[in-house]
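Below is one structure; the comments refer to it alone.
The values are calculated or read from the model by the stated rules, or taken from the named source; none is laboratory data. What you are looking at is a predicted structure, and each value in this text was computed from that prediction instead of being measured. Neighbour counts are summed over all protein chains in view; Cβ atoms, including those assigned to glycine, are modelled from backbone coordinates with ideal geometry.
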Amino acid sequence: MRPTVRLRTRQINALAPLAASGLGVAVVPRSAVPPAFTGAVRGCDPPLGREVVALRRSDADPVAGRFVELLCRLGVPDPLPHGAGAGDV
């Protein structure tokens, strides 16, 4: 089976109503499913994952820097090494 893409949108909130009205299947993050969604919701097995990153200013204050360090310890990569400027990324 090869899916045929008929519609793409950057408006993720538009996808649930389109799927609920029968226009097709929408693949969205679980967080994009509205609480009142009336259609069927099925997760993937195994679950799909997505990479997330921590964004910050290059001159982050000490509190923001400690928060990013905590995120990195928890496995969220920091794409902007300490001291790097926006042009260095």
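Could you please find all residues in region 1-38 being among the polar types (S, T, N, Q) and outside any loop (DSSP other than H, G, I, E, B)? Those that are among the polar types (S, T, N, Q) and outside any loop (DSSP other than H, G, I, E, B): Asn13, Ser31.
Can you tell me which residues in region 34-45 are under 19 Å from the mean Cα position of the chain (by Cα) and closer than 22 Å to Thr4 by Cα? The answer is Val41, Arg42, Gly43, Cys44, Asp45. Look at region 3-20: where a residue is outside the structural domain of Gly39 (by TED's automatic domain parsing), no partner that is loosely packed, with under 10 Cβ neighbours inside 10 Å sits 6+ places away or on another chain with Cβ atoms under 9 Å.
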